[in-house]
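Inspection log for the structure reproduced underneath, given as structure tokens.
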Amino acid sequence: MKLFKLNTYIFAFLIIGTIFIFIKIGTPNHPTIDNKATSTEQVKTFIKKILKQEANNISFQYVDSSVPVEYIQASKIFFSNLEQCKNDKICLINEYDDFMNEWASDRLRQETRAYYMINKFGLIGEKINQSLGFMY
């Protein structure tokens with residue numbers, strides 16, 4: 001009986017651990033750009049749209065305190081690098097990915113992961129979001 005109980009706990013721990021790892025590692029941190037199917041103008045439009053959303057999320061995330069100086073400095077460097085890329089689609093995507101991997105707000109990460117789970121798994125993904133969304 002003790003062996004059964006121990007095996008049950010181990011199995012439950014492995015299932016929960018696997019789901020946690022899948023959610024944290026397997027899902028994107030920010031909206032991604034498909035560089036094969038888009039033009040340079042579409043990439044620029046997408047980046048502008050996401051940066052507007054991100055500005056709103058950052059202002060809500062730091063409503064009780066000031067935005068970290070590191071974020072402001074990284075933003076200045078990011079915008080400078082975007083200016084240097086101008087019409088190079090791959091450069092724009094790489095700069096966007098580098099910045100967002102480091103500085104995407106918690107809210108944007110949650111929204112992106114929830115959207116990804118629903119698109120990938122449909123109704124099951126929605127149920128995962130409802131029950132395990134706190135892990136994002």
Residue that is surrounded by the most Cβ atoms within 10 Å (Cβ to Cβ) [pool: residues in the range 82-103 that are out of contact with any helix residue (DSSP H, G or I) (no Cβ under 7 Å at 6 or more places or on another chain) and closer than 11 Å to N29 by Cα]: M100
task: Would you list the helices (runs of 4 or more DSSP H) that sit entirely within the range 82-136 and hold 2 or more residues that are among the charged types (D, E, K, R) and under 25 Å from T38 (Cβ atoms)?
output: 89-103, 106-121
query: Is it the case that I33 is among the aliphatic types (A, V, I, L, M), assigned to a loop (DSSP other than H, G, I, E, B) and either in contact (Cβ under 8 Å) with a residue 12 or more places away in the chain or touching a Leu at 6+ places or on another chain (Cβ under 6 Å) (or both)?
result: yes
query: Within the range 62-76, which residues are surrounded by 12 or more Cβ atoms within 10 Å (Cβ to Cβ) and assigned to a helix (DSSP H, G or I)?
result: Y71, A74, S75
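All of the numbers you see were taken from the coordinates with simple rules; none came from a lab. Bear in mind the structure is a predicted one, so any value in this text is a computation, not a measurement. Counting neighbours? That spans all protein chains shown, and the Cβs are built from the backbone with ideal geometry, glycine included.
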